[in-house]
Amino acid sequence: MTDAYFDDTIPFGGIYIRYMNSIVKISKGDIRNVTYTHTSRGSLKRYPGARRFTAAVRDVQNGLVDMAVGAFWVTGERLRMTSFTVPIGE
């Protein structure tokens, strides 16, 4: 990944960010202090290229983040790393 990927001056956006923001809003304060971040460089190095979703799951496994939100395929490898919720769409 290039350094541009890790540029925090570029706001996070997209359908999953809007979805999470909606959940925060309807929680009426039960969910707060949501911070969006990038997948860690260490996980991206271990799971390069097309395996970047597995890299994000590894960050959950390692306790770097509380959750990863996106269009994840639930695979055996990822299930051994952490649990998943029911998919939000097809």
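General observations
- The criterion of being among the hydrophobic types (A, V, I, L, M, F, W, C), touching a residue at least 24 places away in the same chain (Cβ under 8 Å) and over 17 Å from Phe6 (Cβ atoms) does not hold for Val24.
- Failed criterion for Ile17 (all others in (1) open to solvent by 40 Å² or more (accessible area, probe 1.4 Å); (2) of a type outside the set (Ser, Thr, Tyr); (3) farther than 20 Å from Thr75 by Cα hold): (1)
- Within region 1-72, helices (runs of 4 or more DSSP H) holding 3 or more residues that are of a type in the set (Lys, Arg): 41-46
- Any chance Thr35 is open to solvent by 70 Å² or more (accessible area, probe 1.4 Å), hydroxyl-bearing (Ser, Thr, Tyr) and at pLDDT below 95: yes
- Here Gly29 meets each of (1) out of contact with any helix residue (DSSP H, G or I) (no Cβ under 6 Å at 6 or more places or on another chain); (2) at negative phi; (3) at pLDDT 90 or above with one exception, condition (2).
- Unmet criterion (only one of (1) farther than 20 Å from Pro87 by Cα; (2) open to solvent by 60 Å² or more (accessible area, probe 1.4 Å)) for Ser40: (2)
- Among the residues making up region 55-88, those that are over 18 Å from His38 (Cβ atoms) and open to solvent by 50 Å² or more (accessible area, probe 1.4 Å) are Trp73, Val74, Glu77, Leu79, Arg80, Ser83, Phe84, Thr85, Val86, Pro87, Ile88.
- Here Arg52 meets the list (1) over 19 Å from Asp7 (Cβ atoms); (2) among the basic types (Lys, Arg); (3) out of contact with any Gly (no Cβ under 9 Å at 6 or more places or on another chain); (4) surrounded by 13 or more Cβ atoms within 10 Å (Cβ to Cβ) almost entirely, failing just condition (1).
- Within region 32-77, the set of residues being under 11 Å from the mean Cα position of the chain (by Cα) and among the acidic types (Asp, Glu) comprises Asp59, Asp66.
The values are calculated or read from the model by the stated rules, or taken from the named source; none is laboratory data. What you see is a predicted model; the values in this text were computed from it and never measured. Virtual Cβ from ideal backbone geometry, glycine too; neighbours counted across all protein chains shown. Note: areas computed on protein heavy atoms with side chains; ligands, DNA, RNA excluded. Shrake-Rupley method; radii C 1.70, N 1.55, O 1.52, S 1.80 Å.
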